[in-house]
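Where a number appears in this text, it was derived from the coordinates with a stated rule and is not lab data. Just so it is clear, the model here is predicted, and its values are computed rather than measured. Cβ placement follows ideal geometry from the backbone for every residue including glycine, while neighbour counts extend to all protein chains displayed.
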There are 2 protein chains.
Amino acid sequence: MSLRLEEIAQEAGVSRSTVSRVLNKEPHVSARARERVLAVTQPLNFHPNATARSLAAGRTRNIGLVIPVAVSSLFTDPYFPLLIQGITSACNTHDYSVMLWLADVEQERQIISKITHSGMVDGVIVASALMDDPMVQVLLEDHIPFVQVGRHPTDERVSYVDVDNYNSAKEVVGYLLRLGYRRVATIAGPHNMIAGHDRRRGYQDALRARGMIPDPALIAEGDFLEDGGFVAMQQLLARARQPGANGLPDAVFVASDMMATGALRALRDAGIRVPGDMAVVGYDDMPFAARTEPPLTTVRQPIHRAGAVAAETLFELIENPNTPPRRIILPTELVIRASTGPGV
Amino acid sequence: MSLRLEEIAQEAGVSRSTVSRVLNKEPHVSARARERVLAVTQPLNFHPNATARSLAAGRTRNIGLVIPVAVSSLFTDPYFPLLIQGITSACNTHDYSVMLWLADVEQERQIISKITHSGMVDGVIVASALMDDPMVQVLLEDHIPFVQVGRHPTDERVSYVDVDNYNSAKEVVGYLLRLGYRRVATIAGPHNMIAGHDRRRGYQDALRARGMIPDPALIAEGDFLEDGGFVAMQQLLARARQPGANGLPDAVFVASDMMATGALRALRDAGIRVPGDMAVVGYDDMPFAARTEPPLTTVRQPIHRAGAVAAETLFELIENPNTPPRRIILPTELVIRASTGPGV
DNA sequence: CTGAAAGCGCTTACAG
DNA sequence: CTGAAAGCGCTTACAG
């Protein structure tokens, strides 16, 4: 169907090897040969067959992006589009392509083993793995270069890029405390996801740092999505109405902006004013966080950049197989808006 | 690194050809040979090298998903994640993989020609092409099987899946008219995107069908995103305040739910009540449409399904090269919620 | 610097 | 039904 190196070689009056060398930008080619080859190759917009090239070279220049099962429902979260944009943008500039797998419950195992055993990709990015995701072990055992978006809690062979969820959460809760809020609740992310876990710990330790004891009644858990935040806030409100309860929280740290919008909606429904009756903080600084009612104080994390850095780190691991595991923490930033008010 | 067919063959006591046949589920293999092969292949979780297989077979079982430049900013729209989920899900069940390209301004040409000339994929899905996207011509000329999500306005060689944007828009505007609204405005999508174009025409013809003449002052254009809807609504309001204007619209058909949330925000800011002062209609029925304030009357379109159908159509085109162009229209549904009120 | 040739790991007529 | 062998279109030592 398409032209082959052979045809180009004939046309240019050189050997197939030389054409290959020119196309791969290898150094030891005479200027003359190079010109001749490019003279026929450029106007034709010729690209060598990627499959044959992969087979011969032993590398595909493809990376896999795997978004595991339990979080694929999270795909309605603007987090993933941003991450994907970052990844594809790095791939474009480094001449890699990305294969996308949204791993489905029953299919996950099967997909992973296909990926790892069939040589479709040179490496893998795992987005938001669960804390106990077995996929990571498979990748490790099979020596597939991979980087995880989100740190691995225990295994230090895992390369990752993440933000400092623990300290950033601690910081923003500290900010609430300094504003004078005293019953600070949290709507945490899933405890089996590392970001959920770390932000929750940050919340707890911020309280402890002030000599306060985290009250389980002030901790609800959501799934990082809007509805989850809505339901979790309703739980918090219901608990506050129980006999013997200590009344409404005066502030809440919500572990994602999506959940925060759900929480705001629950508060609106309940006639509770923000920040007058309750301060609200989110996490992510999604584009919409500046436009919620009221605008959301939140923690900005560089999602697009995390994607790009993850990809670039993966390229490094692929191209230098002896690179030790890379653990990269990207900076966050506290963004103060109206939802936390002036304090009490 | 990995095992090859050769090793499996030796272990199973058959030839490499036979192993290949078993793995490819070809019919003419004796039960005995099949068993022997599977006996060694299954426990090992063996997968033949995808690259070698592609090269030998002349097909990759990969499809490309290309989201062109001008819409890649739209990637913050939940539309794309839903579409992608539909596509990957069909790919999983049909044993295809998807390669993802978000084509960037300068890179688009380059990416397309790499895709079409290097044989990385057997076909391509083009999501939301601009009406004059040159990529389509390239795909056509190079005889690459492809299907577009969104119809092509003129070229009947293009296979696509779409919804009936024109009639569904006409229908929902007709609904507003039957409710008694008389100054019905629209916030249209970009005129260079087919969906924006068609929904706008549907709006205009619904008015004409009632003997009304579309008033340019009642037509604003947005980019399908939240901010675009916000700005467009502000324009509409500003025009209504001009000297000689005929006052506020009493209803507005917004061409996407995202823009509708922006429009609602602009109305809230301006102290205009929905639906009391102005009825608002969206398009898409995104998950959040049921939770806006007030909940949004909208047109439900099956985005996830469109992705799956686009993929399946592409598989058909790939596997039966003589298939004539397929033009598939998926059904929409009018979803009535509070934002249009009981009528006047 | 350059070319002839082996080889990447499969699939698939072809012959039996 | 099965195997030996050619061939897919490249890359890359190897020799010169």
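Take residue A:81 and tell me if it is without any contact (Cβ under 8 Å) to a residue 12 or more places away in the chain, facing chain B (nearest Cβ under 8 Å) and either farther than 20 Å from residue A:305 by Cα or in a helix (DSSP H, G or I) (or both). Judged against the criteria, residue A:81 is a match.
Take residue B:3 and decide whether it is part of a helix (DSSP H, G or I), within 11 Å of chain A (Cβ to nearest Cβ) and within 8 Å of DNA strand C (Cβ to nearest atom). No: the conditions fail for residue B:3.
Name the residue that is farthest from the other protein chains (Cβ to nearest Cβ), counting only residues in segment B:14-33 that are more than 7 Å from DNA strand D (Cβ to nearest atom) and either exposed (fewer than 14 other Cβ atoms within 10 Å of the Cβ) or over 28 Å from residue A:143 (Cβ atoms) (or both). My answer is B:31. Looking only at residues in segment B:41-50 that are away from DNA strand D (no atom under 14 Å from the Cβ) and not polar (S, T, N, Q), the one that is nearest to the other protein chains (Cβ to nearest Cβ) is B:47.
Of B:239, B:265, all but one fail to be of a type in the set (D, E, K, R), surrounded by 20 or more Cβ atoms within 10 Å (Cβ to Cβ) and more than 18 Å from the chain's Cα centre (by Cα); the exception is B:265.
Exactly one residue out of B:98, B:126, B:136 is β-branched (Val, Ile, Thr), more than 9 Å from every other protein chain (Cβ to nearest Cβ) and in contact with a strand residue (DSSP E or B) (Cβ under 6 Å, 6 or more places away or on another chain): that is B:126.
Checked across segment A:44-55, the condition of being under 30 Å from residue A:103 (Cα atoms), more than 14 Å from DNA strand C (Cβ to nearest atom), in contact (Cβ under 8 Å) with a residue 12 or more places away in the chain and of a type in the set (A, V, I, L, M, F, W, C) holds for no residue.
Just so you know, in segment B:27-39 the residues that are within 13 Å of DNA strand C (Cβ to nearest atom) and of a type in the set (A, V, I, L, M) include one that is farthest from the chain's Cα centre (by Cα), and it is B:33. Just to be sure, is residue A:125 closer than 20 Å to residue B:86 by Cα, touching a residue at least 40 places away in the same chain (Cβ under 8 Å) and hydrophobic (A, V, I, L, M, F, W, C)? In short, no.
So residue A:260 clears everything in (1) farther than 21 Å from residue A:85 by Cβ; (2) surrounded by fewer than 23 Cβ atoms within 10 Å (Cβ to Cβ); (3) not β-branched (Val, Ile, Thr) except one condition, right? Which one? All conditions are met except number (2). At least 3 residues being touching a residue at least 60 places away in the same chain (Cβ under 8 Å) is the threshold, and among the helices (runs of 4 or more DSSP H) wholly inside segment A:161-278 those reaching it are A:165-178, A:194-209, A:257-269. Filtering B:65, B:38 for residues that are among the hydrophobic types (A, V, I, L, M, F, W, C) and either more than 15 Å from DNA strand D (Cβ to nearest atom) or within 9 Å of chain A (Cβ to nearest Cβ) (or both) leaves a single hit, B:65. For segment B:80-98, the criterion of being surrounded by 15 or more Cβ atoms within 10 Å (Cβ to Cβ), within 16 Å of DNA strand C (Cβ to nearest atom) and within 26 Å of residue B:124 (Cα to Cα) is met by at least one residue.
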